[in-house]
């Protein structure tokens, strides 16, 4: 008959094994969630196109950050000018633009949307988004003219694309403080309406601050324990999701790699982790939808994030062009039925 001491020892060993198993499983599920692709990416044959794309992206960011500056209900004229410019640009490509308009502090603000209907499963919806407003006194070159530039360029590239699932490209308003996580937040209004309509949104990808990259050690600072698993160089694009969204992170990153070899990292974390919901995808989590943020990690990499120093000179347009190709392939992956 085993002694009491040996029983306790066996219990502690079993507990230790379970804990190690839990850590290994958590690492695999939360960190090792990137899709793979071993063939040459699209960008390999697009050197001339990439150069032209850099100039186009620069012109868009310059318009938002330099010509308009801060864009929010405090700077309402600039916010309205940004909205009208996006509408005109989409209409000039040949899209019909849908507006979801609501009042914020007595002023009309609008989410903007264009739709590419699905040919096989039109009720299944994939959303790619960016927000066009800024913090109160920030020109918002990276946060988030960078995301809007890629969204607008992708709308051109996808004009004649016929997806299997419905694709929506959405420009959200009033995402930034003091409107985030309130009824005035554009994406919260949109997600609530989608839930009320019973829409089958498979996943939303929110592009938010995607233009700053650094190659020196110590340029990427993430909170513990994520700092143990991810590089300390700010040279990668992140795909950040909650645990429910993990399968879509695998799909999205696999698709991205079909388009570009630009460094990316995927991560799935509990929704309550600080920073995990800091973009428009967080609004969709509240209504049970899958969603992820596509980001350079914002304030975890850049001191200028959210400030008046968020200017165009900090944007890496070579990287942004490569990211555009990657996101193009990622969207193809997510909207194609295989």
Residues of the stretch 200-256 classified as assigned to a loop (DSSP other than H, G, I, E, B) and in contact with a helix residue (DSSP H, G or I) (Cβ under 6 Å, 6 or more places away or on another chain), total
8
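Quick check on this structure: which one of 295, 311 is under 25 Å from residue 55 (Cα atoms) and touching a strand residue (DSSP E or B) at 6+ places or on another chain (Cβ under 9 Å)? Step through it out loud before you land on a result.
Working: 311 fails: touching a strand residue (DSSP E or B) at 6+ places or on another chain (Cβ under 9 Å).
Checking each option against the conditions leaves just 295.
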Tell me, yes or no, whether the stretch 50-68 has at least one residue that is touching a strand residue (DSSP E or B) at 6+ places or on another chain (Cβ under 7 Å) and either over 20 Å from residue 177 (Cβ atoms) or modelled with pLDDT of 95 or more (or both).
no
Out of the residues in the stretch 136-157 meeting the condition of being part of a loop (DSSP other than H, G, I, E, B) and touching a helix residue (DSSP H, G or I) at 6+ places or on another chain (Cβ under 7 Å), tell me which one is surrounded by the most Cβ atoms within 10 Å (Cβ to Cβ).
140
Filter pass, residue 280 being in contact with a helix residue (DSSP H, G or I) (Cβ under 9 Å, 6 or more places away or on another chain), over 27 Å from residue 122 (Cβ atoms), touching a residue at least 24 places away in the same chain (Cβ under 8 Å) and surrounded by 20 or more Cβ atoms within 10 Å (Cβ to Cβ):
no
Of (1) in a loop (DSSP other than H, G, I, E, B); (2) in contact (Cβ under 8 Å) with a residue 12 or more places away in the chain, residue 112 satisfies every one except (1)
Condition check for residue 271: surrounded by 21 or more Cβ atoms within 10 Å (Cβ to Cβ) and either more than 26 Å from residue 52 (Cβ to Cβ) or touching a helix residue (DSSP H, G or I) at 6+ places or on another chain (Cβ under 6 Å) (or both):
no
Can you name every residue in the stretch 158-171 that is surrounded by fewer than 20 Cβ atoms within 10 Å (Cβ to Cβ), more than 19 Å from residue 53 (Cβ to Cβ) and touching a helix residue (DSSP H, G or I) at 6+ places or on another chain (Cβ under 7 Å)?
164
Hey, could you check the stretch 24-49 for residues that are within 21 Å of the chain's Cα centre (by Cα) and loosely packed, with under 15 Cβ neighbours inside 10 Å and say which is modelled with the highest pLDDT?
36
Condition check for residue 261: on the phi < 0 side of the Ramachandran plot, surrounded by fewer than 20 Cβ atoms within 10 Å (Cβ to Cβ) and in contact with a strand residue (DSSP E or B) (Cβ under 6 Å, 6 or more places away or on another chain)
no
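The values are calculated or read from the model by the stated rules, or taken from the named source; none is laboratory data. All values derive from a computational prediction rather than experimental measurement. Here the Cβ is made from the backbone with ideal geometry for all residues, glycine too, and neighbour counts use every protein chain on show.
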